[in-house]
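What follows is a set of notes on a single structure, which appears directly below.
Read the figures in this text as sums done on the coordinates, not as results from a lab. Please read all numbers here as calculations on a predicted model, not as lab measurements. Here Cβ is always computed from backbone atoms with ideal geometry, including for glycine, and neighbour counts include all displayed protein chains.
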Amino acid sequence: MPILAASTLPYLTLPLPSTLQCISELGFEGVEIYFEGLHNMSAEDVSDTLSTYDFKVYLHAPFSDLNLASFNETVLAESKKRIKSALETAASVSAVLATVHFGRYSPLGLSYPESAVENNLASIVEINSFAESLGLNIAFENS
């Protein structure tokens, strides 16, 4: 049976507890937590905040300033680290699904598109395997 869910994206400047209160008062049955801004919290804090609600939970992994296709090893490693941390949080709160963004072409990637695609695919395989190890369903969006 379909449920009506709301995203926290329009509320990223509000603390997550205030955001969930608004979404609950509007009658939504589910929530997609964007793991950005003030909603980028520890797994324990997210779990505590959700404990007073009966939402179906979806989590949107961070993507701002991250790039799974990056040629810069530091950026690539940090991107994977942040996404994996969000996926661990999603698993800990029994999220129905987590959404992850594909990498994108950086200025250097535009000059070497085949290599950027290879980096992206390798990252996707790694992230997917990690999610599987957590028993978490993920969806990739926006190429």
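For this structure, a couple of remarks:
- Label-point gap, in nm, between Ser129 and Thr52 - each point 7 angstrom along Cα→Cβ: 4.2 nm
- Rounded if a/c under 1.5, otherwise prolate or oblate - the range 10-52, Cα gyration tensor axes: oblate
- For His101, distant residues with modelled amide H under 5 Å away: Glu141
- Take every Cα pair under 8 Å whose residues are at least 6 apart in sequence, average their separation, divide by the length of the chain, and the relative contact order is 22 percent.
- Fluctuation leader among Pro107, Pro17, Pro62 - the chain, Gaussian network, Cα springs under 10 angstrom: Pro107
- FRET efficiency for the Leu38 to Val117 pair, using the beta carbon distance and R₀ = 30 Å, is estimated at 0.30.
- Sorted by Cβ density within 10 Å, fewest first, the residues Ser129, Ser94: Ser129, Ser94
- Extension gain for Glu73-Glu29 works out to 11.8 nm (0.36 nm per residue, less the C-alpha to C-alpha distance).
- Taking other Cβ atoms within 10 Å as a rough exposure proxy, Tyr58, Tyr53 sort from fewest to most as Tyr53, Tyr58.
- Relative contact order, percent, the range 66-138 [alpha-carbon distance under 8 Å, six or more residues apart]: 44 percent
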